[in-house]
Amino acid sequence: MGTSLLFGVVASSALVMGALIGVRFELPKRLLAILLSFAAGALITALTFELFEDAYQRGGIVRAGLGLLVGAVVFTALSALLDRWAQPGSKSVPAGEFRGSAKLDTDAAAEEKAPASTFTRGAAGMALLAAVTLDGVPENIALGVSLGEGTGGLALLAAIFVSNLPEALVGAASMRSQGRTGGAIMALWTICAVLLVAAVVLGAGPLSGADPETISLPLAFAAGAVIASLADTLMPEAFEHGGPAVALSTAAGFVLSFVLSLA
């Protein structure tokens with residue numbers, strides 16, 4: 001239990017660190033894109049070897065495949081709702097044009113460009129906080145399950161950490177641009193971090209001894225949510241603001257996470 005608590009604190013500490021940076025600093029837009037693409041690369045390894053493969057081994061391809069699809073559908077639907085919440089009344093985007101995710105618009109955290117009107121209302125920051133919680137709970141439960149069974153979890157830990165950091169940074173910057181106090185912003189992201197630590201402990205405790213077929217479902221659901229977040233938010237945002245150069249940081253994130261998965 002002590003190990004799971006430690007892993008949970010380490011993974012969730014990125015939320016607090018990212019929020020603190022978002023409250024105090026404005027970073028170059030390209031740096032934010034590199035952070036997002038590095039996180040995407042690490043998540044590719046984690047969802048393949050730490051989530052979906054484990055779900056397949058426990059419950060078979062049908063159960064794992066269905067769980068993945070459900071996770072992807074749920075995340076995509078809720079992500080669309082969160083984008084509407086972050087940017088209410090927005091007009092439809094013309095075909096062939098991409099404007100990024102309203103909830104992860106990095107303008108509020110960057111020094112080159114003023115935040116959009118959605119960020120001055122702060123709705124985007126709250127939407128991103130909700131999105132981090134949505135995909136973070138199943139990810140952290142999966143991390144706890146792997147720890148409870150002694151199957152490692154380093155790659156998933158690294159992936160969760162590096163994805164939490166830029167998301168919390170951008171979300172906190174959005175809240176800051178609305179005029180929220182630093183204390184209120186840090187309190188919100190700390191509560192989210194505590195919730196995700198509890199998810200790790202839950203996975204390492206009661207759920208680690210559950211039937212393998214039962215465990216395969218949340219693992220596959222988490223994989224689906226992660227892969228949807230990659231396609232829906234992280235990769236498009238990274239490319240939009242970093243260009244082709246983010247391919248290298250994505251590859252670096254993948255390699256690091258893969259090496260950790262071998263440990």
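Could you say which residue among ALA251, ALA238, ALA225 is under 17 Å from ALA11 (Cβ atoms) and assigned to a helix (DSSP H, G or I)? Going through ALA251, ALA238, ALA225 in turn, just one is under 17 Å from ALA11 (Cβ atoms) and assigned to a helix (DSSP H, G or I): ALA225. Taking region 1-91 as the region of interest, the helices (runs of 4 or more DSSP H) fully inside it that hold 1 or more residues being open to solvent by less than 70 Å² (accessible area, probe 1.4 Å) and touching a strand residue (DSSP E or B) at 6+ places or on another chain (Cβ under 8 Å) are 2-24, 29-45. Just give me the residues in region 139-154 being closer than 26 Å to ALA238 by Cα and surrounded by fewer than 24 Cβ atoms within 10 Å (Cβ to Cβ), in sequence order. Within region 139-154, just LEU154 meets the criteria.
Flag: THR250 does not match the condition of being in contact with a Leu (Cβ under 8 Å, 6 or more places away or on another chain), among the β-branched types (Val, Ile, Thr) and either open to solvent by less than 70 Å² (accessible area, probe 1.4 Å) or closer than 18 Å to GLY136 by Cα (or both). Restricting the search to region 219-241, which residues are buried (at least 22 other Cβ atoms within 10 Å of the Cβ) and either more than 20 Å from ALA77 (Cβ to Cβ) or without any contact (Cβ under 8 Å) to a residue 24 or more places away in the chain (or both)? Scanning region 219-241 gives LEU219, ALA238, HIS241. In region 196-210 there is at least one residue that is at pLDDT below 85 and not in a helix (DSSP H, G or I). Under 6 Å by Cβ, and 6 or more places apart or on different chains, what pairs join a residue from region 200-218 that is farther than 15 Å from VAL70 by Cβ with one that is among the polar types (S, T, N, Q) and assigned to a helix (DSSP H, G or I)? Taking only residues 6 or more apart or on different chains, the pairs are VAL200/SER4; VAL200/ASN140; VAL201/SER4; ALA204/SER4.
The values are calculated or read from the model by the stated rules, or taken from the named source; none is laboratory data. The structure displayed is predicted, hence computed values, not measured ones. We place every Cβ from the backbone using ideal geometry, glycine too, and count neighbours over all the protein chains shown. All accessible areas refer to the heavy atoms of the entire protein, side chains included, with ligands and DNA or RNA removed. Shrake-Rupley method; radii C 1.70, N 1.55, O 1.52, S 1.80 Å.
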